[in-house]
Amino acid sequence: RSRRLRGIRRQYAVRRDAVLEVTLRNHDHAVRPYGLLLSPLGQRAEPGQRVEAVLRLGEGAMFEVTLAAGEMVEVTAASECFDAYFDLWDVGGGLLAQADDRSPTDRTATHRFLVHRAGVHRVHVHRGGVAAGAFTLQVESKPLPAIEPGRECPVRPGDPLHLDLRSEEHTSELQ
């Protein structure tokens, strides 16, 4: 059974000098034109600055952002043209989060997290459904509340919390 693919997209992050060897073959060995596009993986996004970009049909957009350890960060992708999604990777290339909207009528994807390792994190913005168009990406540093022994720390419903409880006998973490 024959299956025709219009295009195959693969993304690889090269962390050091490397040689890329690509071999393209089809199942029946017929001569067909192929195209290969190599491009840098990710444009810069700076915390506190809003990035405006366009997502073309069938594509995603990769961004790199340098974050400090111990920082509370909120990432937001929004579009009036499509339902925005994003994937977030840490310094080591591990997937931290996959963010979508909060409801069927909300097209904004948001995720708030505490940075554990300083360095370059990656955000891949893509969309739900068949659509394309303009979008914005915002990476913002958020203040962490100070907790002092014997004092109250006000928390509103919906506020993210990260508690790191330590004693001489054990360490525990609650998010």
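Look at (1) more than 19 Å from PHE135 (Cα to Cα); (2) surrounded by fewer than 18 Cβ atoms within 10 Å (Cβ to Cβ); (3) under 12 Å from the mean Cα position of the chain (by Cα) and you find that ASP100 fails only one, number (1). One residue is enough: does region 130-153 have a residue meeting the conditions modelled with pLDDT of 90 or more, exposed (fewer than 14 other Cβ atoms within 10 Å of the Cβ) and either of a type in the set (Val, Ile, Thr) or within 18 Å of the chain's Cα centre (by Cα) (or both)? Scanning region 130-153 turns up at least one residue that is modelled with pLDDT of 90 or more, exposed (fewer than 14 other Cβ atoms within 10 Å of the Cβ) and either of a type in the set (Val, Ile, Thr) or within 18 Å of the chain's Cα centre (by Cα) (or both).
The values are calculated or read from the model by the stated rules, or taken from the named source; none is laboratory data. Since we're looking at a predicted model, the values are computed, not measured. Counting neighbours? That spans all protein chains shown, and the Cβs are built from the backbone with ideal geometry, glycine included.
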